[in-house]
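Engineer: Next up is a structure, given as structure tokens.
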Amino acid sequence: MNYSHQQRDSSTISLPVGKVVCIGQNYQDHIAEMQSKTAAEPLFFIKPATALCPLAPAFAIPAGRGAVHNELEIAVLIGKSLTQALPEQVAEAIWGYSLALDLTLRDVQANLKQLGRPWEIAKGFDGACPVAGFVPAADIAHPQQLDFSLTVNGSRRQQGNSANMIRGISQLISEMSHHFTLLAGDIVLTGTPAGVGPLHKGDELQLQLADYFTVTTRVS
Ligand code: ZN
């Protein structure tokens, strides 16, 4: 596995590489585009550490398995372990923030949904979670008011703001920690806004996190 947590300047963050804990539906506009119903119980799932890979300068997608969709999400790097944490205990355990793609084999997932089966093979495959470098939490004044966007081949495909999360970051991570202990080096993905769609080999992508960074990459 060719991945270690990095800062924006490519320096390595000395935390182990752990699991990725994700929420399936955390923005109303994405729930609408998927024609899903809003449920009271959150939809959590895990990508294994082997899903992690560097976002740039390029990342690969599986071939021959149907549509591979982008889901642009704010990623949170956990710096201290959290078990059954209260929302007010979460902030001090956050190392920093970045952007990640929750790559999804959409046709495989649709088939699994129809069969009532779990999603792992649609979302947990090797390379299913390209991640950019992290910005330390201390440098981000308002993590719950972050604009972020994805441009594919020059056209804007996804645009979100963390203010529109159904579950805010502290609440989300608190709830996750009641199901799964989060360890230092784990990553939390906070859900995708609308605009998911198929990626193709050769696509050029730009990911922007507010004024903190813009990353250019491509599908190899
Ligand atoms: Zn997602």
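The values are calculated or read from the model by the stated rules, or taken from the named source; none is laboratory data. This one's a predicted model, so the numbers in the text were calculated from it and none came from an experiment. A quick note on method: Cβ atoms are made from the backbone with ideal geometry, for glycine too, and the neighbour counts reach across all protein chains shown. To get the accessible areas, we keep the full protein, side chains included, count just its heavy atoms, and leave off ligands, DNA and RNA. Shrake-Rupley method; radii C 1.70, N 1.55, O 1.52, S 1.80 Å.
Engineer: Considering only lysines 8 or more places apart in sequence, or on different chains, count the pairs in the chain whose C-alpha atoms sit under 20 Å apart.
Structural biologist: 9
Engineer: In the chain, with Lys and Arg counted as +1 and Asp and Glu as -1 at Cβ, which of these residues, Ala67, Gln145, Pro54, has the Cα nearest the positive end of the dipole, that is, farthest along it?
Structural biologist: Ala67
Engineer: Turning to a different aspect of this structure: Going from most exposed to least, what order do Tyr97, Tyr212 have by accessible area with a 1.4 Å probe?
Structural biologist: Tyr212, Tyr97
Engineer: Taking every alpha carbon pair in the range 37-142, what does the distance histogram look like in 5 angstrom bins from 0, in percent?
Structural biologist: Once binned at 5 Å, the Cα pair distances of the range 37-142 give 2, 11, 17, 20, 18, 15, 10, 5, 1.
Engineer: With the Cα gyration tensor of the range 176-220 in hand, give its eigenvalues times 5 under a square root as the equivalent ellipsoid semi-axes, listed largest first in whole angstrom.
Structural biologist: Sorted largest first and rounded, they come to 28, 15, 12 Å.
Engineer: For the chain, what is the mean residue ellipticity at 222 nm derived from helices alone (per DSSP H run of n ≥ 4: -39500 (n - 2.57); sum divided by total residues; nearest 500 deg cm²/dmol)?
Structural biologist: -3500 deg cm²/dmol
Engineer: So, for the range 25-103, what is the accessible surface per residue at a probe of 1.4 Å, expressed in square angstrom?
Structural biologist: Averaged over the residues of the range 25-103, the accessible area is 43 Å².
Engineer: On full extension of the chain, what length is gained from Gln171 through Ser220, given 0.36 nm per residue of separation minus the C-alpha to C-alpha distance? Walk me through the numbers on the way to the answer.
Structural biologist: On the way: separation 49, 0.36 × 49 = 17.64 nm, distance 3.63 nm.
So the chain would gain 14.0 nm between Gln171 and Ser220.
Engineer: Still on this structure, I have one more. About the Cα centre of the range 20-218, how large is the charge dipole given +1 on each Lys and Arg Cβ and -1 on each Asp and Glu Cβ? Please answer in debye to the nearest 20.
Structural biologist: 540 debye
Engineer: Once the convex hull of the C-alpha atoms of the chain is built, how many Å³ does it hold per residue, rounded to a whole number?
Structural biologist: Cα convex hull per residue, to the nearest whole number: 111 Å³.
Engineer: Additional query: If Met34, Met176 are ordered by their accessible area, calculated over protein heavy atoms with a 1.4 Å probe, which sequence runs from highest to lowest?
Structural biologist: Correct descending sequence by accessible area is Met34, Met176.
Engineer: Here's another thing I want to ask about it. On the full set of protein chains, 1.4 Å probe, figure out the accessible area of Asp107 and give it in Å² to the nearest 10.
Structural biologist: 90 Å²
Engineer: I would also like to ask the following. Counting trypsin sites (Lys or Arg not before Pro) as exposed when in a DSSP loop with at most 15 other beta carbons within 10 Å, what is the longest stretch of the chain free of them?
Structural biologist: By the stated rule (loop sites, at most 15 other Cβ atoms within 10 Å), 81-200.
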